[in-house]
1. Mind computing the radius of gyration and Dmax over the alpha-carbon atoms of the chain? Å is fine for both.
2. Under DSSP H, which helices of the chain have Cα atoms covering 18 Å or more of the helix axis and a Kyte-Doolittle average no less than 0.0?
3. Kirkwood hydrodynamic radius of region 23-152 from all distinct Cα pairs, in Å?
4. Pick from 98, 108, 121: which is most flexible by mean-square fluctuation in a GNM of the chain where alpha carbon atoms under 10 Å apart are linked?
5. Among 43-51, 132-140, what's the highest-first ranking by average C-beta atoms within 10 angstrom per residue?
6. Of the DSSP beta bridges with both residues in the chain, give the percent that are antiparallel, rounding to the nearest 5.
7. Take every Cα-Cα distance within region 189-255, group them into 5 Å bins from 0 onward, and report for each bin the whole-number percent of pairs it holds.
8. In what sequence, highest mean first, do 239-245, 191-197, 18-24 appear when ranked by Cβ atoms within 10 angstrom?
Amino acid sequence: MNSITQKNGKTKQTDYVLTPMLDELVRNVEFLGENVWFPSGAITILGGRKRCGKSTLALYECARFSVMGKKVLIVQREDDAGLVKAKLQCMGADLGNIMLYKRRAGGIEYCGFNAGDLRGIVESAGKMHADLVYIDPLHGLAAGRMNDQQSADCLIALDAMAEWMHAAVHLNGNHMLTRELFHQAESKDRRWTPAKLRKAFSLAGLGQARAAERGSRSIVYLKDPSEYSGEEAERLDMGSTPETLAKEWVVTVPR
C-alpha cells in the first residue's frame, strides 16, 4: 500500500505494509528462568498499595531463582539481615547463590541504602555476576524527599483521590461545582482537604474554570472528550470544548 506525505512543500511517495503479529519472529529476547515477567537486562517493577505483600512476593522470586542456580543480589532496608535469611530459608532458597548488600558506618555493617549507594550497588552486582538485583523500595534510589517512605505513600493517596474525583465528576454528568466536589470529599475523608484535592486534579483528568455567568462560581469538568456521550459528544464533534459545556451547564444550576 502507498501513502503520500508532504515535506518542505514536496510530494513524496511512501510505502508501508501491514504484517500479522502471528508471522513475526521473536528475536534477541531472553527471560530469566524462562519467566516472561523477568526479561534479561531489563527492569521489572512490582507495584501495589502499602502492606499488600510486594516485598514477600519479590523475596520469594529471589529464592526461586537462587534454586535455579541464578546469582541474586538483595538490596533492601526494611528488615535486618537475620530476618531476611530466615525468610529465605523458609522459602527454600539456595543461600549460596544470594548476596546481601550492606552499608558500613563506624565499623558497623547494616542493611540500608539511598541514592548515594547506586554506584556501590552496580559494582557489587558486577563483582558477583548477578543475574537478578532485587531493590526494595525502589524510591530508595531517589534523592531528596522522594527517598522518604512518607513521600512514596503520598503518591498512593493521590491516586486514591484522583480515582474518586474522576468517578464523582463522571457520575454528575462530567461536570460539577468545585465546592460540591470538595464538600463530598470532606464528608468521605476529612484528610482530603481542598489543597490536597487540587494536587490530584491532573491525575483525575479534570479541568477547572470560572462560570461565565451568575457570579464567579467555579466548575470542575472532565477534559477528555471521549468521556462524553449523546448530545454533548455531538457538540464536541462540532467544535465545542468540555470547558464550554461545563460553563453552559452551570447556568442551569439553581443557586
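Only the coordinates and a few stated rules stand behind these numbers; no lab work does. Keep in mind the model is a prediction, meaning the values are calculated, not measured. Cβ sites come from the backbone with ideal geometry, for glycine too, and all protein chains shown count toward neighbours.
1. Taking only Cα atoms of the chain, I get Rg and Dmax of 26.6, 74 Å.
2. 54-67, 149-171
3. Hydrodynamic radius (Kirkwood, Cα only) of region 23-152 equals 15.8 Å.
4. Largest GNM mean-square fluctuation: 108.
5. 132-140, 43-51
6. Bridges in the chain that DSSP calls antiparallel: roughly 70 percent.
7. 3, 16, 22, 20, 19, 14, 4, 2, 0
8. Highest-to-lowest ranking by the protection proxy: 239-245, 191-197, 18-24.
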